[in-house]
Structure formats: structure tokens, C-alpha cells
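Asker: Have a look at this one before I ask anything.
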Amino acid sequence: MAVKDAGRAARSANRAAAREPERQADSAELIQLLTPEGERVEHPDYPLEISADEVKALYRDLVIVRRIDFEAIALQRQGELGIWASLLGQEAAQVGSGRALGPRDMAFPTYREHGVAWCRGLDPMKLLELFRGVSHGGWDPSEHNFHLYTIVIGSQTLHATGYAMGIQRDGAVGEDGEAVIAYFGDGATSQGDVNESFIWASVANAPIVFFCQNNQWAISEPLERQSRTPLYQRARGFGFPGVRVDGNDVLACLAVTRKALQAARDGQGPTLIEAFTYRMGAHTTTDDPTRYRLSAELEAWKLKDPIERVKQYLIRTEQAEMSFFDEVDAEAAAVGSRVRASCQQMPDPAPESMFDDILTSETPQLAAERAEFAAYLDSFIAEEAAR
Amino acid sequence: MTTLTLSKALNEGLRKALESDPKALIMGEDVGKLGGVFRVTDGLQKDFGEARVIDTPLAESGIIGTAIGLALRGYRPICEIQFDGFVFPAFDQIVTQLAKMRYRSLGTVRLPVTIRIPFGGGIGAVEHHSESPEALFAHTPGLRVVSCGDPAEAYTMIQQAAACDDPVVFFEPKRRYWDKAEVDVEGGLAAALPLDSAHVLVPGTDVTVLCYGPMVRTCAEAAVAASNDGKSIEVINLRSLAPLDTETIFASVRKTGRCVVVHEAVVTGGIGAEIAAQVTQECFYNLEAPVLRVGAYSTPYPPSRLEEHYLPDLDRILDAVDRTFGY
């Protein structure tokens, strides 16, 4: 009996410790500039002067990226996409950080950064190509300074760090310098590559911002399976600053990321930003979150919606007429229609194209396989013609 | 012509690579002041600076991952993995990212990253310091895999790898680092054999022996021994394992009718197995005997007191050659 009690006590202590990160979220350490009720608050370290037009532009981004996401989920349900990784709930983290980037800054995304992609000017159809199975990405990263989606968890943080080391070698650090942002999630913080990238960036003093969207869930595993310490506090051990921002507050995400990027450009090295948010939907469309989390949690986070608070703020401060919201909704609907129509009309790639772009020149073996495959396909045409 | 060890020939080749392209970088563990544990990068940091010859943190995935990022920024990193058995922390970055990123980007990205790996046994080392993992990389589309066998080609091949716009995994025969030979360090690369070409090292008529890396010297010695027995071995140094120079291989086997593939790696699923399949398919009516493989047994690398039994040597090669005459 005593053994059982001791075991229970230990388990309970473990649970208390494991809840630590969540408890921290409500503390003063969370940087917030716009409350869930839409009230503007000041933070001494992050003064933000922002015009009505700029806030309205952010609102427009938020609404449109949510609409693209909504359409994509529907397209997956209708069999037009193989899978989709929804960003629902994370719009502010992505738009706030994405709009903090300068045109010459470079972003390294995971596979869920649809909002950042939008801010960088990437055609949403490129994202749908990937999830439909038409390409593995296929955009030119240098065109919008937005790297390809990376699916292996955390790998891109090292690529981002290497890229930042390249910026240093180009002498592009300084007042007019360039910076890199690496996106990843709470689950990725357990990966070796992410920890190695922290070490590399710190030792090299590389111009990089590590932007962790802590959406509380790595598929079915809650944050307590990844960390006993609040994620942003890990940065200290690696030798650079870490901050936690309300990930559902687009203004705070903008201000905090801007400051971190400028520090990186100025040669002050890396910053870890933990954007505290919540994955409102499933991990991907193949997932069923009702198996592992309570709906009460979801309901609580609904009250912290990243879009609604901006709308309330604009209305409350009379910075926007009701007609503005109607216009944005109409524009989002138009983007949604275009996404839907384009997706349904998207052709499959030519079969022979699977042999393209493996090395910069085709090897004899591959050329032979390509020819063999083409002849095999042709044999069906010949057979058909003979009938 | 200058007499150089293979290690020094690589060093001179790397120096040329750094001189000829300001974007070329060297990165790895202990490559700076120490000059690498095999001294292949000796003196380079002193001459080219710490920004171009980078002593990295001790983490192989980080070396390759950051090299990819540097390549995306326009640099040409030449990475050193200290020993064959330590490449595996980087295996994920090499296979899932380096090899596939060009394909993922539909050709918009190029990744000129060279990964130097000292490989093979015969030096009496502890575990993980004597392995031959080349087949794992040759099996992965999107990588070029090469191995040098002597100082002269070490000098040219490392420069060609550094200048190549594709990822190249460059296997260096560590037990041959101190072999000496004449190297033309004044000559340019124009006269050099292309990186993906095999080299007919010893012409012969009776049996084709294919090899690479540390086995090149052993096979050349076997050819001399066999000629005393009245057998003419054609020794081909493959040099490139992915892609394979099948044209040279098939031409030789069509001539000799016999083929033996020699490598230090285990034979199961190895380069020899691939060659045997291709030769059987393309040279079936020319073959007098099945293609034989001489390699390590399919065990983990044994403690070094056993390695002379484990590794192919001159006698095992000659034994296989003799067996091809038994059909």
C-alpha cells in the first residue's frame, strides 16, 4: 500500500512539474500588446507605433490566410488534396512574424507556414500542389526569400543557421543587414537538429531568429512530453535571449519579431521567440484530436481567437467602418474561390517528369531508365492502336 | 611532378579549390589549427582564415545541415566527417535533405556540397573507425559517390568534387593516406579523367577485376602476382560508385568474359552486388563464369586483431580469380 501511495505521490509531482509550461503562460512573462478582448496594452520593451491602415492590413492577412486554410481542408475532404496541415489558430503568429520580415530577410518554414508564405508573396497554389501530390514544393526559394517547406521535423533550423553564416561571410550584417528566421514547433524542440542549430547559431553569433510556434500539441503529444521547462527559457542555456509572446496577438508577434530581427541584423546574434498559441484543428486532415484532448481546452482557446481580437480593437477604436470588414470578407471569399477552382483544374505532372532535376546533369543510368520507362508507356499506345 | 602522400595530395587539391573559388569553404571537426586528424587540411586555416576553414562544433548533423544552408546562400562547402562510422548522425541530413532538395525544388536549387569521409580498415583502430558505408550513399538518388585510390587522382578528384554543382560524397582510403606517388601539381584539371569515369589501371585479357579506394593498390599487386602465374588481370579502378561507369565495365567484361568485384565493404547489398546484376544483364552471353564478389563478411566490423581475416587481401582476390576459371 505504501509503495502504491509513494508511486501515486511521485506521479502527481510529475504531473505538477509537467504542467509548469502551461502555468507560465499566464504569467507576466507573456508579451502581449492586444488582449483577447481587443484592448491595446503597452509593453515597456516593445513599443509599437502602428497606423490604422497597418492594423487593417494585418487583419486582411489574417482573414485571408484563414480562408485559404478553410478551403484547403474542404478540398482535402472532397478528395482534391491528399492531406492538409491546418494553421487554424496560428494565424497571428505567422502573419505577425511574417510581416516583420524585410524583403531581403530569408524565411525557413516547416510545412504549416501557410500564413508566412502568404506574407512572402508565394502563390497559395504552390502549397496546394505539394499537398495534392503534384510536386514536393517546386518553388524557387530565392524568388520570395521563402525556402521550401521541410517535412522532416527540425531539419530546416540547421539550413537556416548555415544560411545566416553565409550572410556573415557576405558582410551583410550591420545596420542595413539581412537576417534569417527559422520556423519550427514545440515538438521540434526535442530534435537534435534544433538543439544543434541553437549551438551553431550561438557560437557563430549568426543573424537568425528562431521562431517556435508552441501550439501545445505534437500530433497527440502535449508539451509536457517534450519539455519540463518553458521553451523560451531554453535559450539562456545556449547563450542567447529567449522571449515568450502571445502567439494569438498579431501586434505582439510583429513587435517582438521585428526587434529580434533587427538585433540579428545589427550583429547581436540569435533570439528564440516562443509564440504561445494553440493548434485549433487536427495535426493534419488524417488526424483525430478527439482521441487525445479535451474539448474544454479547445473552448478556452476559442476565447483567445487571433482574428476576433483585432476586429474588436478596430471597432472599439473606430479605426474601421463595418464596410471594411465586409470588403475583407468578400476579398477572402474571392481568394477562396480562386484556390478552389485552380486546385480542381490542376493537372497531374507528366509521368516522365519524375526523372527530372535529380542531379545537375543526367547520369547514363538515369537516362537509360527514363528511355525504358518512355518505351514502356509507348507500348500501351502501340497496343491500343493495333486494336 | 612532385612526390606526395595521398593525404598531402588531398591537401594540395583542397588548397587549389580554395584558391580558385572564393566561395569554397572547408568545415569540420578539428580541421583548423590541428589540420584534421589525418592532416588533410593542414595549414589551410592559417592561409585562408577562420571564416573559410571552419572548426565546427562536434555534431555531424550540424556540419551537413549548416553546409546545406551555406550552399543555399551561394557557398561551396567541403565538409570533413572525421571517420566513416561517425557519418550516421549526419545521415538524415544527407539523405532526406542534401540528396533531395534539388528534386524538391524542381531544379531551382543547387547544392555544391562535398562530404569527405576517411573510410575502410586495416589501421588497427577501435570500433566505428574502419567501416565502409559507401553503398548506403550510392543507393540514395541525388548523390554522387566517389573514391580515390592513389595520390595523383586524390589531387584531381577532390578539386573536381569541389567544383561539382551536385552533392558529392568523397571516400578517402584512410590506410592509404601515407602512400606516396608522383603528382602533377602544376597541371590543371583539363587533362584529368572526368569525375564519373572509371580508369583502366592495368590492362589485361583474362579476367576483369573491379575495385576502388583502398583495394586499388591490393588489386594492382594481385595483377602482378597473377601474371607470374600466367593469368592476365585487367584492373579497373571504378573511382565513381554513383553513377557507375558501366560503359568501361561492360567493355572490359565483354573482352575478358570474367569479372571479380573487390571491396572492403560487406558483400550483402553492396556495390559488388549491383555490378554483378548489371554485368549479368548486359554481358550475359560473354560471361565464362558468374560474377564473383570479394569483400568483407556480412558481420559488423570485428575487433582489429581479427581484421586481417575479415578484409579482402591479395590471396583472397587471387583465389576468386582462380575460381572464375573453374566453370
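Since every read-out is calculated from the coordinates, none of them should be taken as a lab result. Predicted model only: the values in this text are computed from it and were never measured. So basically every Cβ, Gly included, is an ideal-geometry build from the backbone, and we count neighbours across all protein chains shown.
Asker: What is the distance in Å between the Cα centres of the stretch A:30-105 and the stretch B:27-81?
Answerer: Answer, in whole Å: 39.
Asker: When DSSP beta bridges are limited to those with both residues in the stretch B:169-303, what percentage is antiparallel, rounded to the nearest 5?
Answerer: Antiparallel bridges make up about 25 percent of those DSSP assigns within the stretch B:169-303.
Asker: Give, rounded to the nearest 20 debye, the magnitude of the charge dipole that the stretch B:199-323 has about its Cα centre when Lys and Arg contribute +1 at Cβ and Asp and Glu contribute -1 at Cβ.
Answerer: Dipole magnitude for the stretch B:199-323 comes out near 120 debye.
Asker: Taking the highest mean first, how do the peptides A:279-286, A:102-109, B:212-219 order by number of other beta carbon atoms within 10 angstrom per residue?
Answerer: Order by mean packing, descending: B:212-219, A:102-109, A:279-286.
Asker: Which angle from 0 to 90°, rounded to the nearest 10, does the C-alpha axis of helix B:6-20 make with the longest principal axis of chain B?
Answerer: Roughly 40 degrees between the two axes.
Asker: Same structure, new question: What is the Cα coordinate range of the stretch B:199-323 on the first, second and third principal axes, sorted by size from largest, in whole angstrom?
Answerer: 41, 32, 24
Asker: If you don't mind, there's one more thing I want to ask. With springs only between Cα atoms under 10 Å apart, run a GNM on chain B and tell me which of B:L189, B:L111, B:L241 wobbles the most.
Answerer: Per the Cα network of chain B with a 10 Å cutoff, B:L189 tops the list.
Asker: Spelling out what I want: for every residue of the stretch B:73-80, take phi, set θ = phi - 60°, compute 6.51 cos²θ - 1.76 cosθ + 1.60 (Karplus), and round to whole Hz; glycine and proline get x.
Answerer: 8, x, 8, 10, x, 10, 9, 10
Asker: Arranged from highest to lowest average of other beta-carbon atoms within 10 Å per residue, in what order do the peptides B:156-166, A:201-211 appear?
Answerer: Packing proxy ranking, top to bottom: A:201-211, B:156-166.
Asker: Hey, can you rank A:66-72, A:352-358, A:116-122, B:258-264 by average C-beta count inside 10 Å, highest first?
Answerer: Per-residue Cβ counts within 10 Å, averaged per peptide and sorted highest first, yield B:258-264, A:66-72, A:116-122, A:352-358.
Asker: Follow-up. For the protein assembly as shown, give me the percentage of DSSP beta bridges that are antiparallel, rounded to the nearest 5 percent.
Answerer: Rounded to the nearest five, the antiparallel share is 20 percent.
Asker: Count the DSSP beta bridges whose two residues both fall in chain B, then state the antiparallel fraction as a percent rounded to the nearest 5.
Answerer: 25 percent
Asker: Next question, about the same structure. Got a sec? Which residues in the stretch B:289-327 would a label at B:S227 touch, if it sits 7 Å along Cα→Cβ and we count backbone N under 14 Å?
Answerer: none
Asker: Let me ask another. Cα atoms only: what Rg and Dmax, in Å, come out for the stretch A:17-345?
Answerer: 18.7, 52
Asker: For the stretch B:1-93, count the residues as N, evaluate 2.2 N^0.38 Å, and divide the Cα radius of gyration by that value, please.
Answerer: 1.05
Asker: Under 5 Å between amide H atoms, partner at least 5 residues away or on a different chain: which partners does B:S130 have, H built in plane at 1.01 Å?
Answerer: Hits under the 5 Å cutoff: B:G85.
Asker: Next question, about the same structure. Taking the stretch A:195-344 as the region of interest, what is the percent of Cα-Cα pairs per 5 angstrom bin, listed from the shortest bin to the one with the maximum distance?
Answerer: 2, 8, 12, 14, 15, 15, 14, 11, 7, 2, 0
Asker: While we're looking at this one, here's another question. In whole Å, largest first, what are the principal axis extents of the Cα atoms in the stretch A:261-387?
Answerer: That gives 74, 49, 38 Å along the principal axes, largest extent first.
Asker: Let me ask you something else. Sorting A:L377, B:L25, A:L366, B:L244 on the 10 Å Cβ count, fewest up front, what's the list?
Answerer: So the ranking, lowest neighbour count to highest, is A:L377, A:L366, B:L244, B:L25.
Asker: Which ³J(HN,Hα) values in Hz, rounded to whole numbers, follow from the phi angles of the stretch B:223-236 under the Karplus curve 6.51 cos²θ - 1.76 cosθ + 1.60, where θ = phi - 60° and Gly and Pro get x?
Answerer: Going residue by residue, I get 5, 5, 4, 5, 5, 5, 8, x, 10, 9, 9, 9, 9, 10 Hz, with x marking Gly and Pro.
Asker: Using amide H atoms built 1.01 Å from N in the peptide plane, name the residues 5+ places from B:V183, or on other chains, whose amide H lies under 5 Å from its own.
Answerer: Under 5 Å from the amide H of B:V183: B:T2, B:T3, B:L4.
Asker: Evaluate the charge dipole of the stretch B:2-183 about its Cα centre and quote only its size in Debye, nearest 20, assuming +1 on the Cβ of each Lys and Arg and -1 on the Cβ of each Asp and Glu.
Answerer: In total the dipole reaches around 480 debye.
Asker: Kindly express, to the nearest 10 degrees and within the range 0 to 90, the angle between helix B:271-282's C-alpha long axis and the longest C-alpha principal axis of chain B.
Answerer: The angle comes out near 50 degrees.
Asker: Here's a follow-up. For a quick size check, give me the Cα extents of the stretch B:104-258 along its three principal axes, largest first, whole Å.
Answerer: 55, 39, 36
Asker: Then there's this: So what are the ³J(HN,Hα) numbers for the stretch A:138-149, from phi and the Karplus equation (6.51, -1.76, 1.60; θ = phi - 60°), rounded to whole Hz, Gly and Pro as x?
Answerer: Working through the residues one at a time gives x, 9, 8, x, 7, 5, 10, 6, 9, 5, 5, 4 Hz.
Asker: May I ask you to derive the FRET efficiency for A:L377 and B:Q281 from their Cβ-Cβ distance with R0 = 25 Å, giving the value to the nearest 0.05?
Answerer: The pair A:L377/B:Q281 has a calculated efficiency of 0.70.
Asker: Let me ask another. What is the local net charge at B:E50, summed over the other residues whose Cβ is closer than 15 Å to its Cβ (Lys, Arg +1; Asp, Glu -1)?
Answerer: Cβ neighbours under 15 Å give a net charge of 0.
Asker: With a Förster radius of 41 Å, plug the Cβ-Cβ distance of A:D45 and A:F355 into 1/(1 + (r/R0)^6) and report the FRET value to the nearest 0.05.
Answerer: Efficiency at R0 = 41 Å is approximately 0.15.
Asker: Counting pairs of Cα atoms in the stretch B:209-277, how many percent are more than 19 Å apart?
Answerer: When every Cα pair of the stretch B:209-277 is considered, 30 percent fall beyond 19 Å.
Asker: On a 0 to 90° scale, report how tilted helix B:60-72 is relative to the longest principal axis of chain B, with both axes built from alpha carbons and the result rounded to the nearest 10.
Answerer: It works out to around 70 degrees.
Asker: Which value, in Å³ per residue, describes the convex hull spanned by the Cα atoms of the protein assembly as shown?
Answerer: Expressed per residue, the convex hull around the Cα atoms of the protein assembly as shown is 213 Å³.
Asker: Could you state the orientation-averaged shadow area of the convex hull built on the Cα atoms of chain B, in nm² to one decimal?
Answerer: 16.3 nm²
Asker: Oh, and also: Alpha carbon centre of the stretch B:226-275 versus the stretch B:122-175: separation in Å?
Answerer: That distance is 18 Å.
Asker: The stretch B:12-87: which GluC sites (Glu not before Pro) are DSSP loop and have at most 14 other beta-carbon atoms within 10 angstrom?
Answerer: For GluC sites (Glu not before Pro) across the stretch B:12-87 that sit outside H, G, I, E and B with at most 14 neighbouring Cβ atoms in 10 Å, the list reads B:E50.
Asker: Continuing with the same structure: Counting only residues 5 or more places away or on other chains, whose amide H sits under 5 Å from the amide H of B:I54 once H atoms are built in the peptide plane?
Answerer: Amide H neighbours of B:I54: B:I26, B:M27, B:G28.
Asker: Please report how far the C-alpha centroid of the stretch A:232-258 lies from that of the stretch A:312-387, rounded to the nearest whole angstrom.
Answerer: 35 Å
Asker: Direction-averaged shadow area of the convex hull around the Cα atoms of the stretch B:2-183, nm²?
Answerer: Mean projected area for the stretch B:2-183: 9.4 nm², to one decimal.
Asker: For chain A, calculate the relative contact order in percent as a whole number, restricting contacts to Cα pairs under 8 Å that are 6 or more residues apart.
Answerer: For chain A, the relative contact order is 23 percent.
Asker: Mind putting together the pair-distance distribution for the stretch A:193-276? All Cα pairs, 5 Å bins, whole percent per bin, short to long.
Answerer: In whole percents, the pair-distance histogram is 3, 16, 24, 24, 18, 11, 3, 0.
Asker: Percentage of Cα-Cα pair distances in the stretch A:103-205 greater than 23 Å, rounded to whole percent?
Answerer: 29 percent
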